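The values are calculated or read from the model by the stated rules, or taken from the named source; none is laboratory data. The structure displayed is predicted, hence computed values, not measured ones. With ideal geometry, Cβ positions are generated from the backbone for all residues, glycine too; neighbour counts draw on all protein chains shown. Accessible surface is based on the protein model in full, side chains and every heavy atom, while ligands, DNA and RNA are left aside. Shrake-Rupley method; radii C 1.70, N 1.55, O 1.52, S 1.80 Å.
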Amino acid sequence: MAEPAALHATVPLAPSTATLAGPCCSAVPSRAGAVIVVVKPDLSEAWREGHWRGGLGVVLSTAAALGIVATTRARPQRRGLRVLRRGFRDGSESRQLLDLSEDVDAPQTLYQLLGVSRNAGKEDIKKAYYKMQKICHPDIAGPEAEEMCILLNDAYETLSDPEGRDTYDESLALTSTQPVEEKVEIKTDLLPTWKWRPKKHKQPPVWTGEPKSRSLWERVPLEERGHKHQAQKFIYVDEFSCISCRNCCDVAPHTFCIDAEYGRARVYSQWGNGEEWLDYAVSSCPVDCIHWVGRDELQVLEHTTQRRLYDSNGQLPCPMSIRQGFIEQENDAFGMAMEFKAKQEAKEAQRKKKLRYLEAGADKFTQRIREVIAQMSASLRAAIFMKRKLEVAAAWEVYIAQTRGRGRGSGHV
């Protein structure tokens, strides 16, 4: 049966502490005022008698009894545990290091800072607060712990006040449930001209706050302008009601076209023709599917129309059957636009609400926690969060012991 490699954990030790020794481990002070706790691999008799199973526990219990804090080489926790596990398995003679101090996971919330759950009661929060203050109070830990002490006071004040805790919990919910969205610039201006983007075939339309059609509003000759041009009105075709008669294309060919994908009329260039021709195209439409709308309506109508056409893959009901009452109209262009606009307004209100909470809520505390912990020394950080590291190590001890137990039963280590 293979013997394990030596297990080393370097921890600070008071100068007055004597050298420790035991059947499965030894603790040797170093010149840096620390102690190296070593579990020896050459104790064949102890290993064969099963004493090694508690070896890691001796290291951890010794560290806990002395109140010591690990200050060892920087090594990622996950990689260190993998190396430790490999050393146990193959009995290599290389030094295996159990990292008890570096890469301590910094808390992200006030609950994690105090070490309590989200549904902890007021008494539990109070006990956790006092427990942390016994470690972090400047009279105990020195001046460097002053900022942490102030942060703990603010955390306790926030979580012990019902109204403050509700506000903080709501800010946590907003930050944790807000979906990550594609970063698309949303235009908010309502100018009569905008940057045109060509249509992307077989791709879902993206809301940008701008119409899909091109604007030639500023290029209309002065003699062809009228009241609608002055009022900055634009043309919209209800493609769900269009019967593809091509009348509008014949009257104003520089404004209207028949869409190649869906076979319905639509506007590809706003104000491609003069106002008189556009007025005639609107009034001569046999099914009244062409409308004068404002800029704010146009961008919503064109987006919702293209979205519905994309979702239905262009499979639209016959508009003549709808007009004759054989089938019901399922696509109300203006109704869909109003619904979309209401959702956008609610979304914007939610975004502003989230920003207000974040300014004085979860994100502010999270950033403050990071800053305070970053300013502390490695020894103080480890002293505060050692318990979590010890629990992780103890869990690995149990795992390794269980793995060996299975190995003995099957004839393998």
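Report, by chain and number, residues whose modeled amide H sits under 5 Å from the one on residue 265, excluding near sequence neighbours (fewer than 5 apart, same chain).
244, 259
In what order, largest first, do 279, 311 sit by accessible area if the probe radius is 1.4 Å? Could you put the intermediate results ahead of the total?
Values: 279 50, 311 90 Å².
Output order, biggest surface exposure first: 311, 279.
Just how much of residue 398 is accessible, in Å², when a 1.4 Å probe is used and the result is rounded to the nearest 10?
Looks like 80 Å² after rounding.
So what's the net charge close to residue 229: Lys and Arg +1, Asp and Glu -1, counting the other residues with Cβ under 12 Å from its Cβ?
So the surrounding residues net to -2.
Please list 262, 168, 280 from largest to smallest accessible area, probe radius 1.4 Å, with all protein chains kept in place.
From most accessible down to least: 280, 262, 168.
Would you mind checking 122/347; 202/353; 228/347; 195/347; 195/228; 202/233 for any pair whose Cα atoms are more than 28 angstrom apart?
122/347; 202/353; 228/347; 202/233
How much net charge surrounds residue 329 when only other residues with a Cβ under 11 Å from its Cβ are counted (Lys, Arg +1; Asp, Glu -1)?
With Lys, Arg at +1 and Asp, Glu at -1, the net is -3.
When only alpha-carbon atoms are used, what values of Rg and Dmax, in angstrom, describe the stretch 247-313?
Over the stretch 247-313's Cα set, Rg and Dmax evaluate to 12.2, 36 Å.
Count charges around residue 138 for me, please; just the other residues with Cβ under 9 Å from its Cβ, Lys/Arg as +1, Asp/Glu as -1. Intermediate values should be presented prior to the final figure.
Values: positive: none; negative: 139, 144, 146.
Summing Lys/Arg as +1 and Asp/Glu as -1 gives -3.
Share of Cα-Cα pairs in the stretch 236-348 beyond 25 Å, in percent? Can you show the working numbers first?
On the way: 1382 of 6328 pairs.
For the stretch 236-348, the share of Cα pairs beyond 25 Å comes to 22 percent.
Computed over the Cα atoms, what is the radius of gyration of the stretch 292-353 divided by 2.2 N^0.38 Å, N being its residue count?
Rg over 2.2 N^0.38 Å, computed on Cα atoms: 1.37.
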